[in-house]
1. If you go through the stretch 140-154 one residue at a time, do you hit one that is crowded, with 16+ Cβ neighbours inside 10 Å, touching a residue at least 12 places away in the same chain (Cβ under 8 Å), over 29 Å from residue 11 (Cα atoms) and under 17 Å from the mean Cα position of the chain (by Cα)?
2. Kindly provide the set of residues from the stretch 122-164 that are within 18 Å of residue 93 (Cβ to Cβ) and out of contact with any helix residue (DSSP H, G or I) (no Cβ under 8 Å at 6 or more places or on another chain), ordered by number.
3. Which numbered condition in (1) assigned to a strand (DSSP E or B); (2) more than 25 Å from residue 25 (Cα to Cα) is the only one that residue 143 fails?
4. So which residues in the stretch 31-54 are under 18 Å from residue 91 (Cα atoms) and touching a strand residue (DSSP E or B) at 6+ places or on another chain (Cβ under 9 Å)?
5. Check the stretch 109-117 and report whether any residue there is in contact (Cβ under 8 Å) with a residue 60 or more places away in the chain, buried (at least 18 other Cβ atoms within 10 Å of the Cβ), at negative phi and part of a loop (DSSP other than H, G, I, E, B).
6. Say whether the condition of being touching a helix residue (DSSP H, G or I) at 6+ places or on another chain (Cβ under 6 Å) and within 14 Å of residue 5 (Cα to Cα) is met by at least one residue in the stretch 60-80.
7. Of all the helices (runs of 4 or more DSSP H) wholly in the stretch 1-83, which have at least 3 residues that are surrounded by 14 or more Cβ atoms within 10 Å (Cβ to Cβ) and at pLDDT 95 or above?
8. Report every pair of residues separated by at least 6 positions or lying on different chains whose Cβ atoms are under 8 Å apart, first residue within the stretch 19-40 and in contact (Cβ under 8 Å) with a residue 24 or more places away in the chain, second in a loop (DSSP other than H, G, I, E, B) and surrounded by fewer than 15 Cβ atoms within 10 Å (Cβ to Cβ).
């Protein structure tokens with residue numbers, strides 16, 4: 001993600017169908033968004049990515065390395081969303097590209113994700129990508145706009161991802 005992407009990514013993030021699944025659902029203003037970007041872009045533990053499909057920007061991914069380790073081989077947490085007008089099926093490409101980046105470029109050993117327990121699409125998406133449930137069986141508690149919510153937690157290890165890729169490459 002570059003500064004030139006700010007307006008586009010803010011419009012996606014503020015779209016009601018995206019905002020409703022975030023921990024904070026208020027509409028973000030340009031100054032708040034710029035402060036977030038400047039802090040994030042200056043943090044070597046954060047990787048802000050814009051996913052493109054056929055040269056068209058259509059999604060955002062944020063990968064944050066666990067600060068406890070902060071080195072190659074570490075774990076990280078990801079968050080993502082598609083543009084509201086992204087072509088149908090582009091989520092899979094976004095997920096695979098982001099995971100390839102995490103385990104390839106970033107040399108991570110584990111990628112973690114979270115989804116509001118009420119977000120069946122995100123939960124199914126994580127499972128389709130090979131993530132497994134982690135944490136307590138009933139989910140974790142977080143806050144969405146200062147209200148407690150249940151969250152499903154996931155993890156995906158590097159070896160599991162590589163094995164899955166090899167399996168997919170050998171299919172006719």
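The values are calculated or read from the model by the stated rules, or taken from the named source; none is laboratory data. Model, not experiment: these values are computed from the prediction. Positions of Cβ are generated from backbone atoms using ideal geometry, with glycine treated the same way; all protein chains shown enter the neighbour counts.
1. No - not one qualifying residue is present in the stretch 140-154.
2. Initially, the stretch 122-164 is screened for residues within 18 Å of residue 93 (Cβ to Cβ), giving 122, 124-131, 156, 161, 164.
Listed by number, the residues that qualify are 122, 124, 126, 127, 131, 164.
3. Every condition holds for residue 143 apart from (2).
4. Of the stretch 31-54, the ones under 18 Å from residue 91 (Cα atoms) are 48-54.
Hits for the stretch 31-54 are 48, 49, 50, 51, 52, 53.
5. no
6. Yes: the stretch 60-80 contains one or more residues that are touching a helix residue (DSSP H, G or I) at 6+ places or on another chain (Cβ under 6 Å) and within 14 Å of residue 5 (Cα to Cα).
7. Numbers: elements: 6-14, 16-19, 30-41.
The qualifying helices (runs of 4 or more DSSP H) are 6-14, 30-41.
8. That search, which allows pairs on different chains as well, returns 23/145; 24/145; 25/145; 26/145.
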